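Colleague: Handing you a structure now.
The values are calculated or read from the model by the stated rules, or taken from the named source; none is laboratory data. Because the structure is predicted, anything quoted here is derived from the model rather than measured. Every residue, glycine among them, receives a Cβ derived from its backbone with ideal geometry; neighbour counts consider all protein chains shown.
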């Protein structure tokens, strides 16, 4: 170890030298000395720091001097640095400032050999500075947190300047040719050291910022963390925009940000703008998606799964880190909840957009696997936070699922991945579906608010774009488990939600939703509601199922009238259809209960309810053997009675029911129940002939009645093949030919569906193919008339009938059954009628499609037709709503849907019926009647529930 005098002499020589090279040689001698005395080390470091400051010219000799100074200073890091910490920090700070100042000048390329040598030496110095500074940070992390103002200031300045140098080095790394990888590695070491220092400081301090805000050491620790986080965010953005060249920096920087924000919690939020950090991650995610959307939109070949994942993995990384920060800072995240949710909507909409494109199916699957779960987790991190107030959660859901379309609130460039061709409605729908599916993991307050938004779901399904997409386009499922139609996904999510809240206080919201929409005017929404009712019936306890079905039967009775039986849009028919759907998903005892309710009813409208149920498909085969036998007997006996009194004019004028009700009942029942009426087969065929004659000879309003009955009897015959062998069949065929061929009006159109079914059954008749055969000639003409129909529905029925006939008939000359101007032979492109070859060619294609039952993706034409259909349905529903509203109600922004008048009338009748029942119960109690087969307490409880349910319905439709 040198003496103090020797050391002073050497330092004086260094200071006195005017030649840089000489100073460098003298400083090298310091490195060779074994200096262990703390005071001597302080003297050396002070001198070295001064030398670095005095000589700032940029040349080769200066670089060599600085490199030597660092070598000497680094040797003192091996022992306790607390004695010379101030000097090391000052030197490190000046070194970082010097290096940043001269880096850009050094990167200017020249052909001068001396400049090349300087270039190499400068970056060696840069590596030394980064390595030396990282070592200082590591040593600093082992010391107690400093409290002296001067030292605190030095540490903060040192960290700030070092991070600035590290940031600049990474930013310019592409220009640093040979040393680039080494600079990245050294920068990585510095960042690791800074993060470790922040961790050590946090672990050594009580960071309850509110209680210790005045403590200098706490402020010092938070200031260091603030500087580190802000620099790491900047580096994270730089690395994200580097196109994959800085993956290691990307991972380290954002993981460091997440680590420090979680470690310092609320104390860091006072100093750092957490919202801006989250926004940075969100912006990076959206930017990557936008870039992918623009690139893929012009591709003419499929995007591979590997390529799609390469794009989406960084997006997932950004979202995961954003979710982690949000989970610790929900209040700060709430201030930007619109940006967060918009990003999620764009991702979910982008998934659907990709799935609709021919070449992007794999990309859609990759997004479903990588981004959809992460996006939902991101949203749930915010919405499910216990730290977020209830009114804030409501505000988020109200903004997301309100009557005002989010797409109208979003700048056009925010939807770049969809290129402006899609609204965000599908994304909103997808998010809502995911929330329903996530119900078991959500907090009760969130689940309740979602339950209150179920009507929003129905409203959104009526949008024409949503309507077309959910019916036509499949969506990929998670874990490569195939695809699922969008509507199936919606229904599955609703069922999951029902199960999640079934045993909670929120079940009342589900009940209200199901009741209020029992008669939803949009057929698609109604079918969805009925699917949920059926699901409820399948899984409910027997008492609940029976309670529901009895209530529905009570409402059915209150709405029954003969006028409404044949009106498919009446409340009676709609309710009957719903009951039948529910019964098909219920038990045998439920079907028995409904039949007994109708059969035991002594009112004049019992048959009206029964026929309405049969027309809508009452499942007679679900009945128990005993009850099914009673049902058959009722059908057959009623039909027999009608046949016996048909010719009696007084029966038609009887105002106690619908003329021909037994015929309607039997025709409807034959669709699901085999009833033998062989002993009346001649009468049945004769009845059809008599109907035609009555129709032709009648001039009053009863013509329409006979026409309806003719249609029903044709339906009966078509369901009973053996009736075609009746000797009366030829006469009936001639009468039908005369009726339909001689009348060109539209009044017979309502009979043509059942006529098509009738002529299909002609394939069971043995024909003699000759021109003088009256039966075959009548068959030709009837088929000609039907195959000429241009209406799409009748044309389809006609072709189907001809296909059934062709497959079973013994006739060989089938071309004689086809007219020259058959609808299927019409050439739409040329605008001309084609010959029989075209018909047979198209007919074969039709039959092949019917038999194949293939699951195919819709083409552009089909999708466009669905959009058009959806728009027509939406306009129809809107007209129904507006027609039933007052003018001032229509002008309201958040108008509530008003139910059709028929429903209001039905509910009013139901309330009157309940009052009658209530009076009966009062009389029962007063007279103390004994009904031993009724549990009085259970009956009264159910009646009370019925009163509550009806009252709720009445209140909801006002």
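Colleague: Determine if the stretch 614-622 includes at least one residue that is out of contact with any strand residue (DSSP E or B) (no Cβ under 6 Å at 6 or more places or on another chain), surrounded by fewer than 16 Cβ atoms within 10 Å (Cβ to Cβ) and either modelled with pLDDT of 90 or more or part of a helix (DSSP H, G or I) (or both).
Modeller: Taking the stretch 614-622 and keeping what is out of contact with any strand residue (DSSP E or B) (no Cβ under 6 Å at 6 or more places or on another chain), we get 614-622.
Within this subset, residues satisfying the condition of being surrounded by fewer than 16 Cβ atoms within 10 Å (Cβ to Cβ) are 621.
Filter once more, so that each one left must be either modelled with pLDDT of 90 or more or part of a helix (DSSP H, G or I) (or both): 621.
Scanning the stretch 614-622 turns up at least one residue that is out of contact with any strand residue (DSSP E or B) (no Cβ under 6 Å at 6 or more places or on another chain), surrounded by fewer than 16 Cβ atoms within 10 Å (Cβ to Cβ) and either modelled with pLDDT of 90 or more or part of a helix (DSSP H, G or I) (or both).
Colleague: Here's another thing I want to ask about it. So residue 559 fits all but one of (1) crowded, with 20+ Cβ neighbours inside 10 Å; (2) modelled with pLDDT of 90 or more; what number is the exception?
Modeller: Unmet for residue 559, out of (1) crowded, with 20+ Cβ neighbours inside 10 Å; (2) modelled with pLDDT of 90 or more: (2).
Colleague: How many of the residues making up the stretch 535-546 are out of contact with any helix residue (DSSP H, G or I) (no Cβ under 6 Å at 6 or more places or on another chain) and surrounded by fewer than 18 Cβ atoms within 10 Å (Cβ to Cβ)?
Modeller: Selection size over the stretch 535-546: 8.
Colleague: Can residue 300 be described as under 23 Å from residue 345 (Cα atoms) and out of contact with any strand residue (DSSP E or B) (no Cβ under 7 Å at 6 or more places or on another chain)?
Modeller: no
Colleague: Continuing with this model, one more query. Which ones in the stretch 475-529 are within 26 Å of residue 874 (Cβ to Cβ), modelled with pLDDT under 85 and in contact with a helix residue (DSSP H, G or I) (Cβ under 7 Å, 6 or more places away or on another chain)?
Modeller: Residues satisfying the conditions are 475, 486.
Colleague: Name the residue, out of 860, 886, that is under 24 Å from the mean Cα position of the chain (by Cα) and either over 30 Å from residue 463 (Cβ atoms) or at pLDDT below 70 (or both).
Modeller: Result of the check over 860, 886: 860.
Colleague: Taking the condition of being surrounded by fewer than 21 Cβ atoms within 10 Å (Cβ to Cβ) and in contact with a helix residue (DSSP H, G or I) (Cβ under 6 Å, 6 or more places away or on another chain), how many residues in the stretch 565-577 meet it?
Modeller: Here the count works out to 2.
Colleague: Right, next: Return the only residue of 327, 335, 331, 362 being over 22 Å from residue 266 (Cα atoms) and at pLDDT 90 or above.
Modeller: After ruling out the rest, the residue left standing is 362.
Colleague: Another question about this same structure. Tell me, which helices (runs of 4 or more DSSP H) lie completely within the stretch 209-277 with 1 or more residues that are within 20 Å of residue 182 (Cα to Cα) and in contact with a helix residue (DSSP H, G or I) (Cβ under 8 Å, 6 or more places away or on another chain)?
Modeller: Ranges flagged: 216-240, 247-269.
Colleague: Also, I was wondering about something else. Return only the number of the condition from (1) under 23 Å from residue 748 (Cα atoms); (2) surrounded by 22 or more Cβ atoms within 10 Å (Cβ to Cβ); (3) touching a residue at least 24 places away in the same chain (Cβ under 8 Å) that residue 691 does not satisfy.
Modeller: Failing condition for residue 691: (3).
Colleague: If you don't mind, another one. Can you tell me how many residues in the stretch 277-299 are free of Cβ contacts under 8 Å to residues at least 24 places away in the same chain and more than 23 Å from the chain's Cα centre (by Cα)?
Modeller: 3
Colleague: Which members of the stretch 259-276 meet the condition of being at pLDDT 90 or above and buried (at least 21 other Cβ atoms within 10 Å of the Cβ)?
Modeller: 260, 261, 272, 274
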